[in-house]
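Single-structure report; data block below.
The values are calculated or read from the model by the stated rules, or taken from the named source; none is laboratory data. Just so you know, these numbers come straight off a predicted model, no measurement behind them. Don't worry about glycine lacking a Cβ; one is built from the backbone with ideal geometry, like all the others, and counts go over all protein chains shown. Keep in mind that these areas ignore ligands, DNA and RNA; they rest on the heavy atoms of the full protein, side chains included. Shrake-Rupley method; radii C 1.70, N 1.55, O 1.52, S 1.80 Å.
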Amino acid sequence: MTGADESPLMPSVVLRTERLVLRAHTGDDIDAVFRGAGDPGVQRWLPMPRPGKAYTRADAEDWCLVSAPHARVSGDGQQWAAVEAETGAYAGSVGLTRTMWRASSTEVGYWMGPWARGRGLATEAVVALSRWALLDRRFERVELKAAAGNTASRRVAAKAGFTYEGTERNAMPLHEGRADLAVYSLIPADLGRDGTA
């Protein structure tokens, strides 16, 4: 594999974990994305499509067919649909974004539909993506940022082996005001030979 600084484009890959398949979004995912991303639990912490606007089916269609594929070809990162390996059921979205190729750094982001929460699927997806970025793509840093009050997302960061670095104050617009962001990171030195932190 090439190093992170050699290509401003991530390869289109399918990643597999014990319980998930991480693959490109398709038109078949639109209804599940609409249900999941529009859920109040997701909307509380992620201002999609933008602060003060309700998430619509048209937003879900744009995400699946335009925005998610564009993230890869633009060099920003890559977005995956997280589907359950056993049933093919859509669980949520996970991706790498805000990729800084010169710095060899990227940020992992995710959300899970309410039907997929509480089973460790977000952690499983974050582990898969962060290890792929660091070990296969040879990035030097993967960041994870979560609203300071989003304890569930912060637990995912800790369980996935990320180190808490501090807080970015007043850093993220939400639907109801702005939030501080808890900043976590994972670097190659944090990982053992088997990829565990």
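Residue pairs whose Cβ atoms lie under 9 Å apart, sitting 6 or more positions apart in sequence or on different chains, and linking a residue in segment 146-168 that is at positive phi to a partner that is of a type in the set (S, T, Y), are G161/S130; G161/T196.
Listed by position, the strands (runs of 3 or more DSSP E) inside segment 113-197 whose residues that are open to solvent by 70 Å² or more (accessible area, probe 1.4 Å) number at least 1 are 163-174, 177-186. Look through segment 80-104, keep the residues that are under 14 Å from the mean Cα position of the chain (by Cα) and among the polar types (S, T, N, Q), and return whichever of them is nearest to A152 (Cα to Cα). Step by step, filter segment 80-104, then rank; the result is S93.
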